[in-house]
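Single-structure report; data block below.
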Amino acid sequence: MQNRAFKILQFTDLHLMNMPTDDETYSLMKKAIKKLNPDFIIITGDITMTGDNKRLLINLQTFLDSFKIKWSFVFGNHDYESQFSLEEQADILMEGKYCLFEKGNALVKGCGNHYLKVVKDNKLIALLGMLDSHNTRIDLINNQEIWSYDYLDQSQIDEAVETIETLKIENPSFSSLFFFHIPLVEFKTAIEQKDKTIEGSCFEEISCSKYDSGFFSQVIKTNTLKGIFVGHDHVCDYSFIKDGCFLAFGRCTGPYNYTMPSFQKGARVIELDELGRVSSWIYLE
């Protein structure tokens, strides 16, 4: 981190599918990276959407490494459609010299729960947490099968809180930001209650879990939580503020459209100043 804001570029929902539209996605990403010159690139899930995705992952890893910028990712629900496990897909992407992804603690649910530090002059400015928000689930409630998107597991929440509290022992003031694919229920509540801090677009029903994981209510108590960034819903890019935390959708980067083809593709830019304060905006090609 130099004498300027630390810049994060969030791509989301690439949906690479071995189709000509993949070229559009790469073109957008290249222009964004060249213009914005980020310090870190994060992809928040749904990297591919096909069973045969090995070559797609190899190409993506090569593409991102070509910019010599550190990068990482989280998996989305469509990444489960591959004939390869998440661990096998991760192995391919982790071949990248600049890839900072880690599979995470095997005792914590999911593949890819990992943490990175933003440091300046030996001072911790921010902790970046990347979490696996899993896929879908079916629960048996009153003898009836109830389908839902999944939610962050308590083991992930416990690890997040423990990681933050451990760092606070020697670093009393820093910001924590989290990145995952499926939005929290707080995103839906903000829309339903017409939160006055909302900025941006919402053109579809929020596809969060039917259940509140408790992630926000537990992590906010660490007094470090300043940002949560998600993907999943392709025609939403809105942000809002809750208890001093900035929550936002990324801007869908890939061409896959299921409801509003005219919604322009892009990315989200996130900046952290030396005090860990968050500012963010949408990049459009």
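Residue 195: more than 18 Å from the chain's Cα centre (by Cα), more than 19 Å from residue 111 (Cβ to Cβ) and either open to solvent by 40 Å² or more (accessible area, probe 1.4 Å) or among the charged types (D, E, K, R) (or both), yes or no?
On the way: more than 18 Å from the chain's Cα centre (by Cα): yes; more than 19 Å from residue 111 (Cβ to Cβ): yes; either open to solvent by 40 Å² or more (accessible area, probe 1.4 Å) or among the charged types (D, E, K, R) (or both): yes.
Yes, satisfied.
Suppose the filter is open to solvent by less than 10 Å² (accessible area, probe 1.4 Å) and either of a type in the set (S, T, N, Q) or over 21 Å from residue 43 (Cβ atoms) (or both); does residue 219 pass it? Even if it seems obvious, please write down each step before you answer.
Values: open to solvent by less than 10 Å² (accessible area, probe 1.4 Å): yes; either of a type in the set (S, T, N, Q) or over 21 Å from residue 43 (Cβ atoms) (or both): yes.
Against the criterion (open to solvent by less than 10 Å² (accessible area, probe 1.4 Å) and either of a type in the set (S, T, N, Q) or over 21 Å from residue 43 (Cβ atoms) (or both)), residue 219 qualifies.
May I ask you to list the residues in the range 1-35 that are in contact with a Leu (Cβ under 6 Å, 6 or more places away or on another chain) and either open to solvent by 40 Å² or more (accessible area, probe 1.4 Å) or hydroxyl-bearing (Ser, Thr, Tyr) (or both)?
Result: 25, single match.
Could you pull out every one of the helices (runs of 4 or more DSSP H) wholly within the range 1-106 that has 2 or more residues that are over 25 Å from residue 151 (Cα atoms)?
On the way: elements: 21-36, 54-65, 86-93.
Fully inside the range 1-106 and qualifying: 21-36, 54-65.
Would you tally the residues in the range 8-32 being of a type in the set (Val, Ile, Thr) and within 17 Å of residue 93 (Cβ to Cβ)?
Taking the range 8-32 first, the residues of a type in the set (Val, Ile, Thr) are 8, 12, 21, 25.
This time we only want the ones that are within 17 Å of residue 93 (Cβ to Cβ), so: 12, 25.
Going through the range 8-32 one residue at a time, the tally reaches 2.
Quick check, is residue 170 assigned to a helix (DSSP H, G or I), over 16 Å from the mean Cα position of the chain (by Cα) and at pLDDT 95 or above? Steps first, please.
Values: assigned to a helix (DSSP H, G or I): no; over 16 Å from the mean Cα position of the chain (by Cα): yes; at pLDDT 95 or above: yes.
No, not satisfied.
Considering only the range 240-255, how many residues are open to solvent by 10 Å² or more (accessible area, probe 1.4 Å), on the phi < 0 side of the Ramachandran plot and modelled with pLDDT of 95 or more? Don't jump to the end; show me each part of the working.
Taking the range 240-255 and keeping what is open to solvent by 10 Å² or more (accessible area, probe 1.4 Å), we get 241-244, 246, 251, 255.
Narrowing the set further to residues that are on the phi < 0 side of the Ramachandran plot leaves 241-242, 246, 251, 255.
Right, trim to modelled with pLDDT of 95 or more and you get 241-242, 246, 251.
Selection size over the range 240-255: 4.
Out of curiosity, is residue 170 of a type in the set (Asp, Glu), touching a helix residue (DSSP H, G or I) at 6+ places or on another chain (Cβ under 9 Å) and open to solvent by 60 Å² or more (accessible area, probe 1.4 Å)? Let's see the steps before the verdict.
Details: of a type in the set (Asp, Glu): yes; touching a helix residue (DSSP H, G or I) at 6+ places or on another chain (Cβ under 9 Å): no; open to solvent by 60 Å² or more (accessible area, probe 1.4 Å): yes.
In short, no.
The values are calculated or read from the model by the stated rules, or taken from the named source; none is laboratory data. All values reported here derive from a predicted model rather than from experimental measurement. Using ideal geometry, Cβ is built from the backbone for each residue, glycine included, and neighbour counts are taken over all protein chains shown. Keep in mind that these areas ignore ligands, DNA and RNA; they rest on the heavy atoms of the full protein, side chains included. Shrake-Rupley method; radii C 1.70, N 1.55, O 1.52, S 1.80 Å.
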